[in-house]
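These notes are about the structure you will find just below.
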Amino acid sequence: MNFILRILITGISTYYISSFFPWWSIIFIPFILGLIFDDNYISHFLSSFIGVSVSWFFLLLGMEYQTEAILSSKIIQILNINSTNSLIIISAVIGGIVSGLSSITALALVNIFRKKKDKRDYRFN
């Protein structure tokens, strides 16, 4: 349940934050969620990756439709990419990787300061 909740919170908040702030502002929400929720590294990375990738995909599709592919056609020529769809997918994957690493960083920070539990089942006191 935490996995789906993190995906929804990350995706919805990233969609709206990216409209008003610079692109690197997507690292704050996964970082905060990494501090709050306790789970393993893969789960945190995947939830942030999926949430941001999907939200950026729809955000970039909306921008593409609104500008009628003026800017993306010039970027395609500069970067020597095949199509607009490839540019959108590459951008969404890059955003997902950045947010996933942000979430993992927060979880690692929490694990540094968390007291380790004794994993022995039997105590001889």
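Each value in this text was obtained by applying a stated rule to the coordinates, not by laboratory testing. A quick note: this is a predicted structure, and the numbers were derived from the prediction, not measured. Note: ideal-geometry Cβ built from the backbone for every residue, glycine included; neighbour counts use all protein chains shown.
Taking Asn111, Asn40, Asn80 in turn, the Gaussian network model of the chain (Cα-Cα springs below 10 Å) assigns the largest fluctuation to Asn80.
For the options Phe28, Phe45, Phe20, a Gaussian network treatment of the chain with springs between C-alpha atoms closer than 10 Å singles out Phe20 as fluctuating the most. Mean residue ellipticity, 222 nm, helices only, the chain: the sum of -39500 (n - 2.57) across DSSP H runs of n ≥ 4, divided by residue count and rounded to 500, is -26000 deg cm²/dmol.
For the chain, the square roots a ≥ b ≥ c of the C-alpha gyration tensor eigenvalues yield an a/c of 1.5 or more together with a/b exceeding b/c, which makes the shape prolate. For the chain, complete DSSP H runs whose alpha carbons reach 24 Å or more along their own long axis and whose mean Kyte-Doolittle score is -0.5 or higher are 2-20, 41-67, 84-113.
Please list, in order, the residues from the stretch 50-80 whose amide nitrogen is less than 20 Å from a point placed 7 Å along the Cα→Cβ vector of Ser19. From the stretch 50-80, the list is 51-69.
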